[in-house]
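One structure is given below, encoded as structure tokens.
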Amino acid sequence: MGEPSNRSIIKIGITRFGLFLLPKLQDMYGIRRYPGAQLPENVMLIGGFRSLGTELHVTIMSGVLDGQHFSFDRENKDGQLKDSRWLISIGRHEDRDIYLPDDLFLSRLHAYIIREKDQWLLQDCDSTNGSFLEDGIQDKQFTGTIIIQPGQLFKLGRTWMRIDEQQ
């Protein structure tokens, strides 16, 4: 089988809270609790519980449902999977993943939040009243698909929202 290695193998997982590793092992190996942490040369990490980007939390920041949270989990088959893209639909129609019937400025299918590769996208579906991204003092209207970051505010109809990967 070859020579024994002095490399330690530690099983960890990436959860919605970041790296999962017992605090004692963190101290022993000097490992930080965030993805991308530098490891000592004699430590190798294996395994994992969840990959990043499999959970999505949407918070309504203003509007009729101010403060309401919507949670989605790709592994529970929430939303739609098309090719390698995960789509969450938003609109005024009851079949939407985020159903907002009281915002009359929202189209029946207004937009999709999309997870593609390692980024979140927001796609306006040719809505009547448009989609906006917070951009300092003046909000920026967009059409088509744009990249959004967790925590970034966007407005669909008259409803401001934000996405987060962890709650």
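The values are calculated or read from the model by the stated rules, or taken from the named source; none is laboratory data. Source: prediction; values computed, not measured. FYI the Cβ positions are ideal-geometry reconstructions off the backbone, even for glycines, and counts take in every protein chain you see. Heavy atoms of the whole protein, side chains included, go into the accessibility calculation; ligands, DNA and RNA do not. Shrake-Rupley method; radii C 1.70, N 1.55, O 1.52, S 1.80 Å.
Quote to one decimal, in nm, the extra length available between ARG108 and ILE147 on full extension: 0.36 nm per residue of separation minus the C-alpha distance between them.
Values: separation 39, 0.36 × 39 = 14.04 nm, distance 2.24 nm.
Fully extending the segment from ARG108 to ILE147 adds 11.8 nm.
Rank these by accessible area, largest first, 1.4 Å probe: SER84, SER127. All intermediate terms of the calculation are to be shown ahead of the outcome.
On the way: SER84 75, SER127 20 Å².
So, going from the largest accessible area down, we get SER84, SER127.
Work through the residues other than LEU121 whose Cβ is under 9 Å from its Cβ and net out their charges, Lys, Arg +1 and Asp, Glu -1. Write out the running numbers ahead of the final one.
On the way: positive: ARG85, ARG115; negative: GLU116.
Its environment carries a net charge of +1.
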Quick one: if you stick a label point 7 Å off each Cα along the C-beta vector at TYR99 and ARG158, how many nm between them?
-> 2.2
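How big is D for the range 76-167, in µm² s⁻¹ as a whole number, if Stokes-Einstein is applied with the Kirkwood radius of its Cα pairs at 4 °C and 1.567 mPa s? Can you show the working numbers first?
Details: Rh = 13.4 Å.
Once the numbers are plugged in, D ends up at 97 µm²/s.
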What do you get when you divide the Cα radius of gyration of the range 106-151 by 2.2 N^0.38 Å, with N the number of residues?
-> 1.16
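Could you tell me what percent of the accessible area of the range 66-159 is made up of carbon and sulfur, with a 1.4 Å probe and every protein chain present?
Numbers: 2230 of 5520 Å².
The computed percentage sits at 40.
Just add up the charged neighbours of PHE154: K/R +1, D/E -1, any other residue whose Cβ is under 11 Å from the Cβ of PHE154. Provide the component values of the computation, followed by the final result.
Working: positive: LYS140, LYS155, ARG162; negative: ASP124, GLU134, ASP135, ASP139.
Cβ neighbours under 11 Å give a net charge of -1.
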